[in-house]
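Structure, as structure tokens:
Rule-based calculations on the coordinates, nothing more; no lab input. Everything numeric here is computed off the predicted structure, so don't read it as measured data. Cβ coordinates were reconstructed from backbone atoms using ideal geometry, including for glycine residues, and neighbour counts include every protein chain displayed.
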Amino acid sequence: MDIYLIRHTQTATDPGLCYGQSDVALADSFADETTNLHDKLPEFDEDCSVFSSPLTRCLQLAQTFSDTVTTDARLQELNFGDWEGQRFDAIEADILQHWTDNFVTAAPPNGENFEDLYRRAGDFWQDLLAVDAEQVLVITHAGFIRAFLAHALNLPLANSFQLRIDSGSVHKLHRSDDYLYVDYINL
């Protein structure tokens, strides 16, 4: 099975805005970015399975690959709770620093920590193993991709943020004979 993890394209948000599970609009460059993204990828089989976060920035991209998209709430970005919609520089510095230093186990107020996201990614991975398709596309977010790769590759959670996950990037895994190969990251 070829698994393509795809991060949504750029959003129409200002830099520094915390928008994890907020449903924000895509940038005006969506059409061009989508063309560039499709150019990076092979032609997909008719039976290719396409999964997407239910947030518009992912679902709109997923629908450019298939008319049949399965949305899954587990594919959403980290829930930043009370910080959603705020600028990071507007959050009290010592509170933000505590979270930054301890993001694996510390959660924003009324949000989730990275372990929570990791568990969601692990649950999705277990269900994905049962999918009967040679090709699978998962259109999602940077945090989810990091958590998914950490789960699939047994990486320490704190190290997963060393993985660069650009907007509109593709990360390809290949599962064969119960072994997982990384073909590429951040294409």
Using modelled amide H (1.01 Å from N, peptide plane; none on Pro or chain starts), what sits under 5 Å from the amide H of Thr71, excluding residues fewer than 5 places away?
Ser52
Given Cβ charges of +1 for Lys and Arg and -1 for Asp and Glu, the option among Ser52, Ala142, Thr71 whose Cα lies farthest towards the positive end of the dipole of the stretch 2-184 is Ala142
Sum -39500 (n - 2.57) across every DSSP H segment of at least 4 residues in the chain, then divide by the residue count to get the 222 nm mean residue ellipticity, nearest 500.
-8500 deg cm²/dmol
Which residues' amide hydrogens lie under 5 Å from the amide hydrogen of Thr11, considering only partners 5 or more residues apart or on another chain, with H built in the peptide plane?
Ala27
For the chain, the longest principal axis of the Cα atoms and the Cα long axis of helix 30-40 enclose an angle in degrees, to the nearest 10, of 50 degrees
For Asp39 and Phe161 in the same chain, what is the full-extension length gain: residue separation times 0.36 nm, less their Cα-Cα distance, in nm?
41.2 nm
Helix 114-128 versus the longest principal axis of the chain: what is the Cα-based angle in degrees, 0 to 90, to the nearest 10?
10 degrees
